[in-house]
1. Working carefully through the options 223, 228, find the one that is assigned by TED's automatic domain parsing to the domain that holds residue 293 and either under 19 Å from the mean Cα position of the chain (by Cα) or modelled with pLDDT under 85 (or both).
2. Among the numbered conditions (1) in contact with a strand residue (DSSP E or B) (Cβ under 7 Å, 6 or more places away or on another chain); (2) in contact (Cβ under 8 Å) with a residue 60 or more places away in the chain; (3) not assigned by TED's automatic domain parsing to the domain that holds residue 215, tell me where residue 281 comes up short.
3. Quick one: would you say residue 278 is farther than 30 Å from residue 232 by Cβ, out of contact with any helix residue (DSSP H, G or I) (no Cβ under 6 Å at 6 or more places or on another chain) and part of a helix (DSSP H, G or I)?
4. Can you tell me which residue in the stretch 514-552 is surrounded by the most Cβ atoms within 10 Å (Cβ to Cβ), limited to those that are assigned to a helix (DSSP H, G or I) and without any contact (Cβ under 8 Å) to a residue 24 or more places away in the chain?
5. Only one residue in 383, 389 is surrounded by 23 or more Cβ atoms within 10 Å (Cβ to Cβ) and touching a strand residue (DSSP E or B) at 6+ places or on another chain (Cβ under 9 Å). Which one?
6. Out of the residues in the stretch 464-481 meeting the condition of being within 18 Å of residue 407 (Cβ to Cβ) and over 34 Å from the mean Cα position of the chain (by Cα), tell me which one is surrounded by the most Cβ atoms within 10 Å (Cβ to Cβ).
7. For the stretch 80-103, check the following and say yes or no: at least one residue is closer than 22 Å to residue 434 by Cα, outside the structural domain of residue 211 (by TED's automatic domain parsing) and buried (at least 21 other Cβ atoms within 10 Å of the Cβ).
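The values are calculated or read from the model by the stated rules, or taken from the named source; none is laboratory data. Small disclaimer: the values here were computed from a predicted structure and weren't measured. Quick reminder, even Gly has a Cβ in these numbers, built from the backbone with ideal geometry, and neighbours come from all protein chains shown.
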């Protein structure tokens, strides 16, 4: 309890990182480009925009000065950086003019200092008032930061009563649910507090890890206390009953924790380090939950067992008889249906339209409505910075002309355009050239009219690079939101195969050791992996996009978290099979275990759906929806498909299992 209190306080010292580009590997092109730009230039990529309505050119120039003078705002660019506004606007390139100034609306691009997004965007809102609009990458980060705390509280406020209700319905004591939640709640608080040694965690970890740890490891506490309750009926001394319960449930809890533990370890091998950040936290959480259940919960229970006895109540849910008989009747249709669905589900889950960022803000928020208003008056604009070696002004001028000819590039801001190639930069003061030149590099700022991601945006990045590499070879670097998302896409797609393979291999190994069988791990993995494929194929069939990070994480989390259902059922079947025929064993197992599996699945599913409902962050929300739906699909597969497979393969299971000792019918 002392450790819990200390860690509960320590968690407030852990900072949360909302910037996805920080989790790219160091050798990612955009990471290297950002490092070079930070070393060579003072400014950043102008990924934010402000639209001011009903402004003259002079008023716009005055506002630009005010905006640039704000602390934390830099790289403010407007029309005067692209053309000579002293000349009549009618004489200028209208496409360039309308990128910045249209129908008396002025659109400014600028950068915001990292780490202070909330304070700076609030100050900008104060400057522009209610009638004007602000949008951009930094605003999205600030919005997520503001919402994260409120949403975590909201999710917790919804989740805890639902879990208590599920546990009250599934137990026969009013106190038992509180013991479950206390034992796991303690481990969750210790896990969050020990993150202080990591320094910071990602926004995904902060939002998902605590309640996922709670949902996944509640089973351990339920196993132990149910076993304790059984031994209390046979043994008078509570301490001896607890010792026996710990001994009996240790193997089941260890097997359950091990599959989850090794499944989550696979996440830590992701190159995209949000996965590694979440993986480390979940692995630490599972380990702490296991220790809490095996050390803290027995001590707590022995202190409170009299309260358990005093608060006994009759079962609140009616007993459903002949569940096993019903499942056995459906075994052939279950097998046929699943085998018909597996191949389309497997193919569909890899053909979904993916999103690699956090997407656009909903229009019912200020950020979302502002973005919609800017897009209504101006084309979509995604800035991109290109760094090329400094030196040859003629070559740079040719490159700028070629870049301007590329479809979707609306303007290019460069020294050769703003100042002119006729004036050598050495003749000018540093203030006039520092935006464009460092000692080694020339900086070009491209405005493009694509979204921040998608085939069009990613194709444009490749075309810009090809064009620049024709002049400068491989010494070309690019920075920007779309470039970061392009790198995230390439990184996570490489991660997908490695991490999924590691998860399957490690879980298969744990199953092999647990059951000492060759075929049982194959059947269990087929059952849960099929549920994963069905879950991830839904967006394809509903023609909706899916956040790729959510897709990647849930493919591991669902397997690691729900294979426990299959272990619990198969372990019981294997024991019953030693005393009776396969048909009788499966009926008995289903009658005894469906309820326990249903409780576990309903808790995990509730966690998922509440994350989906409460989170405005598309990554967290998509993980929630996939987790909620995945837990239900895994439950259905374990209850209907797994028994059918165990019956179908019974003879082969006996032959491929060491010391199976299955019951043999006479005759």
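1. Details: 228 fails: either under 19 Å from the mean Cα position of the chain (by Cα) or modelled with pLDDT under 85 (or both).
Unique residue meeting the criteria: 223.
2. (3)
3. Details: farther than 30 Å from residue 232 by Cβ: yes; out of contact with any helix residue (DSSP H, G or I) (no Cβ under 6 Å at 6 or more places or on another chain): no; part of a helix (DSSP H, G or I): yes.
So residue 278 does not fit the description; no.
4. Of the stretch 514-552, the ones assigned to a helix (DSSP H, G or I) are 514-515, 519-541, 548-552.
Going one step further and asking which of them are without any contact (Cβ under 8 Å) to a residue 24 or more places away in the chain, we end up with 521-522.
Values: 521: 22, 522: 17.
That would be 521.
5. Numbers: 389 fails: surrounded by 23 or more Cβ atoms within 10 Å (Cβ to Cβ).
After ruling out the rest, the residue left standing is 383.
6. Just the residues of the stretch 464-481 that are within 18 Å of residue 407 (Cβ to Cβ), to begin with: 464-468, 470, 478, 480.
Imposing the further condition that a residue be over 34 Å from the mean Cα position of the chain (by Cα) reduces the set to 467-468, 470.
Working: 467: 17, 468: 21, 470: 12.
Ranking the candidates gives 468 first.
7. Let us first name the residues in the stretch 80-103 that are closer than 22 Å to residue 434 by Cα, namely 80-85.
Now drop any that are not outside the structural domain of residue 211 (by TED's automatic domain parsing), which leaves 80-85.
Next, only the ones that are buried (at least 21 other Cβ atoms within 10 Å of the Cβ) stay: 82.
Yes; the residues of the stretch 80-103 include at least one that is closer than 22 Å to residue 434 by Cα, outside the structural domain of residue 211 (by TED's automatic domain parsing) and buried (at least 21 other Cβ atoms within 10 Å of the Cβ).
One line per residue, one yes/no per condition, for (1) modelled with pLDDT under 90; (2) within 30 Å of residue 571 (Cα to Cα):
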site: 436; (1), (2): yes, no
site: 449; (1), (2): yes, no
site: 455; (1), (2): yes, no
site: 459; (1), (2): no, no
site: 464; (1), (2): no, no
site: 494; (1), (2): yes, no
site: 499; (1), (2): yes, yes
site: 502; (1), (2): yes, yes
site: 512; (1), (2): no, yes
